[in-house]
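So the structure is just underneath, and the comments pick up after that.
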């Protein structure tokens, strides 16, 4: 599949939010119960403006410009833990379920790894969804430990902390 991987801009906000909602609603249902998803989806499917304008958050677009995947990295950890001067953190990946398993996530990860290496990063942390663990493992990550993410409104979202040397 021919994809353009580009950095996102603030104007991508609504499109990215729509994609994350579509992606997470369909793909997370295999790993999370309905109650957890009902509480978490409104909180985790909104595009994050700081990511969109970070220069290290990317959109995978088809030839006609349709965004079918997003993901990126930052030096700052979304949990505020496990930060060092030489690591980065994989952030807010999502793929249109109609394109899952077709290399979209892998293309985004490749861009993240290349750009992070160029910036002097030597390791990635990732706080994976339960069903995302296999994808990240296929990208070279190792599972470290279960890591609940505490969301607003006393919502606990199970995840797995993973790492990968670059």
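Distance between the modelled labels on residue 34 and residue 53, one decimal in nanometres: 4.0 nm (7 Å Cα→Cβ projection).
From the Cα gyration tensor of the chain, with a ≥ b ≥ c the square roots of its eigenvalues, which class applies: rounded if a/c is under 1.5, or else prolate if a/b is larger than b/c, or else oblate? Verdict is rounded for the chain. When the chain is treated as a GNM with alpha-carbon contacts under 10 Å, the residue of 140, 88, 105 showing the greatest mean-square fluctuation is 140. In the chain, helices alone account for a calculated mean residue ellipticity at 222 nm of -9000 deg cm²/dmol, with every DSSP H run of four or more residues adding -39,500 (n - 2.57).
Available extension along the chain between residue 7 and residue 22 is 3.3 nm, counting 0.36 nm per residue and deducting the alpha carbon span. You can think of it this way: the chain between residue 46 and residue 77 has 9.4 nm of extra reach, that is 0.36 nm per residue less the Cα-Cα gap.
Taking square-rooted eigenvalues a ≥ b ≥ c of the alpha carbon gyration tensor, is the stretch 110-166 rounded, prolate or oblate, where a/c under 1.5 means rounded and, failing that, a/b exceeding b/c means prolate? Prolate, since a/c reaches 1.5 and a/b exceeds b/c. Relative contact order for the chain: 22 percent, from Cα pairs under 8 Å spaced at least 6 residues apart, divided by residue count. Full extension of the chain between residue 114 and residue 137 yields a length gain of 6.5 nm, computed as 0.36 nm times the residue separation minus the alpha carbon distance.
We did not get these values from a lab; they are worked out from the coordinates using the rules stated. Values in this document were obtained by computation on a predicted structure and should not be read as measured data. Backbone-built Cβ (ideal geometry, glycine too); neighbour counts: all protein chains shown.
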